[in-house]
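> My structure is below; once you've seen it, I'll send some questions.
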């Protein structure tokens, strides 16, 4: 079942938001991942209602180092 706007409203209580996971696959994107993660952190969505998961595929650059700076933000 797809989550149309109508279905979403029926399935959630008034004013509540569903918990979501944002999964970011990454490989050698050290130059861009910081901007991506910062944009997600700055979203107008309750921080306790979403998680950001970065899946690094053995990057050779500083992708993992940059992503770790956002741990527990």
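The values are calculated or read from the model by the stated rules, or taken from the named source; none is laboratory data. Everything quoted here is computed from the prediction, not taken from an experiment. When we count neighbours, we look across all protein chains shown, and the Cβ atoms used for this are built from the backbone with ideal geometry, even at glycine.
> Quick test for you: out of 10, 72, pick the one residue that is at positive phi and either part of a strand (DSSP E or B) or at pLDDT below 90 (or both). Even if it seems obvious, please write down each step before you answer.
Details: 10 fails: at positive phi.
Exactly one of 10, 72 is at positive phi and either part of a strand (DSSP E or B) or at pLDDT below 90 (or both), namely 72.
> Given the criteria in a helix (DSSP H, G or I) and at pLDDT 95 or above, does residue 53 qualify? Steps first, please.
On the way: in a helix (DSSP H, G or I): no; at pLDDT 95 or above: yes.
So residue 53 does not fit the description; no.
> Shifting gears a bit: Given the criteria touching a residue at least 12 places away in the same chain (Cβ under 8 Å) and surrounded by fewer than 15 Cβ atoms within 10 Å (Cβ to Cβ), does residue 45 qualify? Walk me through how you get there before you give the answer.
On the way: touching a residue at least 12 places away in the same chain (Cβ under 8 Å): yes; surrounded by fewer than 15 Cβ atoms within 10 Å (Cβ to Cβ): yes.
In short, yes.
> Tell me, which residue of segment 51-73 that is in contact with a helix residue (DSSP H, G or I) (Cβ under 8 Å, 6 or more places away or on another chain) and within 23 Å of residue 19 (Cβ to Cβ) is surrounded by the fewest Cβ atoms within 10 Å (Cβ to Cβ)? Before you say what the answer is, go through the steps one by one.
Let us first name the residues in segment 51-73 that are in contact with a helix residue (DSSP H, G or I) (Cβ under 8 Å, 6 or more places away or on another chain), namely 52, 54, 56, 63, 66-67, 69-70, 73.
Still in the running and within 23 Å of residue 19 (Cβ to Cβ): 52, 54, 67, 70, 73.
On the way: 52: 18, 54: 20, 67: 23, 70: 16, 73: 10.
Once the filter is applied, the top-ranked residue is 73.
> Could you count how many residues in segment 20-33 are surrounded by 12 or more Cβ atoms within 10 Å (Cβ to Cβ) and over 19 Å from residue 58 (Cβ atoms)? Break it down stepwise before answering.
Taking segment 20-33 as the starting set, the residues that turn out to be surrounded by 12 or more Cβ atoms within 10 Å (Cβ to Cβ) are 22, 24, 26-30, 32-33.
Now restrict to residues that are over 19 Å from residue 58 (Cβ atoms): 22.
Of the residues in segment 20-33, 1 are surrounded by 12 or more Cβ atoms within 10 Å (Cβ to Cβ) and over 19 Å from residue 58 (Cβ atoms).
> Looking only at segment 30-44, count every residue that is closer than 21 Å to residue 18 by Cβ and more than 11 Å from the chain's Cα centre (by Cα) and tell me the total.
In the first step, residues of segment 30-44 are kept if they are closer than 21 Å to residue 18 by Cβ; the result is 39-44.
Then drop every residue that is not more than 11 Å from the chain's Cα centre (by Cα), which leaves 44.
The qualifying residues number 1.
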